[in-house]
Amino acid sequence: MWATAVGVARVRALETERENALFRDPLARAFATAGGLWPSSPPLPDDEAARRRRRAVSFSIVIRTKFLDDLLHQASASGVRQVVLLGAGMDSRAFRMDWPEGTRLFEVDTAAPLDFKASVLRRERAVARCERITVAVDLREDWPSALVAAGHDPTVPTAWIAEGLLIYLPEDAVELLLARIGAQSAAGSRMGLTWGSRGVIERFGADAVPGSAASMWVSEMPDDPVGWLAGHGWEAAGHTLRERAAAYGRPVSAPPQREERPGGLISAVRR
């Protein structure tokens, strides 16, 4: 599935080239091209519906990236100096964001994407702007113990990011992930989650190309994500892509296909 992370890097590279980019990711193109998946990718379905789906997914990646960047800036401003990226993929926040002195950023993922990423970083001679620590472990295994062994301190606040991850996990795995995050989170910890909105699998996954990202989606946002997270000890706020996009100056012109309830993009604080 880590090839999907390279696809996300491609979207971030294209956004970076825009004059009015919502963020700049100088390493994104290097990740995208090193994977051999771009620009010489195999042909994709080219009917109008497929193009519309690709545009929608790319748009969501751009908006969620900006949303989580802002969340991490806010966490840093509140004094949080530990960051954990779960399923880090080709995330380059350790290199492209300004971090306060003393920040430690943990990237948790399996060995294959971390090794691939390391090779690109060496080639690009990239220098992290904080203390960056990689933790090679499968999220289906005992990743909290591996994280602590790598230096994470559960007694002080942490900013947790699960970006583009939950949609690939069945509901029981999502529950376990949240329980484990909660057990490692001191009061004042922050969390940023991205969810597939209700109906997204029906709209995008039903006729997805086998092996594509959408073909692997299995989990959608709960009916009441804020209440669900409250049950896990988090005070949360939910936002739609449409709402955040308008706030960022990228309004969606198409009318909503259904009622849009808060969710999709989640920020939360541990009480």
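The values are calculated or read from the model by the stated rules, or taken from the named source; none is laboratory data. All values derive from a computational prediction rather than experimental measurement. Here the Cβ positions follow ideal geometry from the backbone for every residue, glycine too, while neighbour counts run over all protein chains shown. These accessible areas exclude ligands, DNA and RNA; they are computed on the full protein's heavy atoms, side chains included. Shrake-Rupley method; radii C 1.70, N 1.55, O 1.52, S 1.80 Å.
General observations
- Rounded to the nearest 20 debye, dipole of the stretch 79-138 from Cβ charges on Lys, Arg, Asp, Glu: 240
- With DNA, RNA and ligands ignored, accessible area of M221 (1.4 Å probe; Å², nearest 10): 10
- P(r) of the stretch 57-129 over all Cα-Cα pairs, binned every 5 Å from zero, in whole percent: 3, 14, 23, 24, 20, 13, 2, 0
- Other residues lying with their Cβ under 15 Å from the Cβ of S267 contribute a combined charge of +1, Lys and Arg counting +1, Asp and Glu -1.
- When all protein chains stay in place and ligands, DNA and RNA are ignored, the 1.4 Å accessible-area order of H152, H239, largest first, is H239, H152.
- For the stretch 137-188, the Kirkwood estimate of the hydrodynamic radius, built from every pair of different alpha carbons, is 11.8 Å.
- Amide hydrogen proximity for I133: with H placed 1.01 Å from N in the peptide plane, the residues at 5 or more positions away or on another chain lying under 5 Å are L105, F106, E107.
- For L114, the solvent-accessible surface computed with a 1.4 Å probe is close to 20 Å², ligands and nucleic acids excluded.
- The R18 and E171 beta-carbon pair, evaluated with R₀ = 45 Å, returns a calculated FRET efficiency of approximately 0.80.
- Phi angles across the stretch 83-90 convert, under the Karplus curve 6.51 cos²θ - 1.76 cosθ + 1.60 with θ = phi - 60°, into 3J(HN,Hα) values of 10, 10, 9, 8, x, 4, x, 9 Hz, Gly and Pro given as x.
- Residues V148, V137, sorted by accessible area with the largest first, give V148, V137 [1.4 Å probe; ligands and nucleic acids excluded].
- Taking 0.36 nm per residue of separation and subtracting the Cα-Cα distance, full extension of the segment from A183 to A254 would add 21.4 nm.
- Cβ-derived FRET efficiency at R0 41 Å, D224 paired with D153, nearest 0.05: 0.80
- The heavy atoms of R54 present about 80 square angstrom of accessible area, all protein chains included, probe 1.4 Å.
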